[in-house]
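Remarks on the structure that follows.
Just so you know, all these numbers are worked out from the coordinates, no wet-lab data involved. Computed from a predicted model, the values in this text were never measured in an experiment. Here Cβ is always computed from backbone atoms with ideal geometry, including for glycine, and neighbour counts include all displayed protein chains.
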Amino acid sequence: MKRLLLLPLLPVGLLASTPTPSPTPVVERQAASQLTEGDPSSKVIALFGKPKEVRPMQAPSGKAEIWIYEEKRHISSNRIQIGDKPITEQVQGADGVYRTVRVANEPIFRTEHIYDVSETQVLIFNDLYINLKTSTQRVKTME
């Protein structure tokens, strides 16, 4: 016998503002399991692609660089009222003169997007992988 499963409907606004979990950044998670100290820098490129930026470092000997990788993960979108706009009408007074009268307010909305932006810095010395560290910031933008 087949059963019908009825699920309650949620208002669209609730769905739009539901945050998603923020897992460990992809670069850090993959690097932890696939890279070991002393691996050639070509392996880093094979796993993660070319870095967004390469920052040279001063070292007493050899060539040191910090390779920068960035990942932007969307967390949620929320519709936010940022103000209102008056709705007016021309109304004729008892004296026969027309006047502008505010009859209501129309809300003005914008969409706020929330992201986690992770920056992973990979230390390369003499073209060999040494280590990495990742930092994450929560960023809000408004459209």
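Residue-wise HN-Hα couplings along the range 94-99, as the Karplus relation 6.51 cos²θ - 1.76 cosθ + 1.60 with θ = phi - 60° gives them from phi, are 4, 8, x, 8, 7, 10 Hz; Gly and Pro carry x.
Between Glu53 and Lys140, what FRET efficiency follows from the Cβ-Cβ distance if R0 is 35 Å, with the result rounded to 0.05? That gives a FRET efficiency of 0.90.
Taking a Cβ cut-off of under 10 Å around Val117, the surrounding Lys, Arg, Asp and Glu residues balance to a net charge of -1, with basic ones at +1 and acidic ones at -1.
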